[in-house]
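The values are calculated or read from the model by the stated rules, or taken from the named source; none is laboratory data. Every value quoted in this text rests on a predicted model; they were computed, and no experiment measured them. For neighbour counting, all protein chains shown are included, and Cβ atoms are generated from backbone atoms with ideal geometry for every residue, glycine included.
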């Protein structure tokens, strides 16, 4: 479950400027929704050679809710920001994305999709160390 904690902290570290963390979160949620649907569908899972996980297709509802709420939040979080995400929002969004990636068994795909978060985390580690 390193993926959940790691991605949660990566999203939290990225949330430094207005709109910096929420747009990649929306994109990753949409992409994970596609993977969740494909993992839950027998035809797509066999065609794409990904593991079939019964019931995983229902995770697309959570992913689309995150994407929709994120777009609504982005409207009020761009300059001049009226609403801020804070630690609770960033940590929970990262944890949900990490959990969905673990459920659909696409952890390495999460690293590629969330490249902004990974690069930002590596940058922070280099600057602090």
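Look at (1) over 19 Å from residue 107 (Cα atoms); (2) assigned to a helix (DSSP H, G or I); (3) without any contact (Cβ under 8 Å) to a residue 60 or more places away in the chain and you find that residue 63 fails only one, number (1). Filtered by the rule that a residue be closer than 23 Å to residue 91 by Cβ and over 21 Å from the mean Cα position of the chain (by Cα), region 39-67 gives no residues. In the condition set (1) more than 12 Å from the chain's Cα centre (by Cα); (2) in a helix (DSSP H, G or I); (3) farther than 19 Å from residue 12 by Cα; (4) modelled with pLDDT under 95, residue 87 is compliant with all but (3).
Okay, residues lined up against (1) more than 11 Å from the chain's Cα centre (by Cα); (2) surrounded by 22 or more Cβ atoms within 10 Å (Cβ to Cβ); (3) assigned to a helix (DSSP H, G or I); (4) in contact (Cβ under 8 Å) with a residue 24 or more places away in the chain:
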| position | (1), (2), (3), (4) |
| --- | --- |
| 69 | yes, no, yes, no |
| 75 | yes, no, yes, no |
| 81 | yes, no, no, yes |
| 95 | no, no, yes, yes |
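Looking at region 97-129 only, could you name the residues that are buried (at least 19 other Cβ atoms within 10 Å of the Cβ), part of a helix (DSSP H, G or I) and under 12 Å from the mean Cα position of the chain (by Cα)?
Filtering region 97-129 down to residues buried (at least 19 other Cβ atoms within 10 Å of the Cβ) leaves 97-98, 100-101, 104, 106, 110, 113-114, 117, 120-121.
With the extra rule that they be part of a helix (DSSP H, G or I), the set shrinks to 97-98, 100-101, 110, 113, 117, 120-121.
Passing the criteria: 97, 98, 100, 101, 110, 113, 117.
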